[in-house]
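Asker: Attaching a single structure in structure tokens format; questions to follow.
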């Protein structure tokens, strides 16, 4: 492996972890938002 390959794999892993964390945070916040507010009558 060259230095560039290692650099890009680390970068890719960091991007993947950030995306994973943001996905979980988004799900948690959306669930909290739905629970905090009363459900709209349309649903």
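Asker: Looking at residue 5, is it surrounded by fewer than 10 Cβ atoms within 10 Å (Cβ to Cβ) and either touching a helix residue (DSSP H, G or I) at 6+ places or on another chain (Cβ under 9 Å) or at pLDDT 75 or above (or both)?
Answerer: It is true that residue 5 is surrounded by fewer than 10 Cβ atoms within 10 Å (Cβ to Cβ) and either touching a helix residue (DSSP H, G or I) at 6+ places or on another chain (Cβ under 9 Å) or at pLDDT 75 or above (or both).
Asker: Does residue 35 meet the test of being modelled with pLDDT under 90 and either in contact with a strand residue (DSSP E or B) (Cβ under 9 Å, 6 or more places away or on another chain) or not in a helix (DSSP H, G or I) (or both)?
Answerer: Judged against the criteria, residue 35 is not a match.
The values are calculated or read from the model by the stated rules, or taken from the named source; none is laboratory data. Values in this document were obtained by computation on a predicted structure and should not be read as measured data. Every residue, glycine as well, gets a Cβ built from its backbone with ideal geometry; the counts of neighbours run over all protein chains shown.
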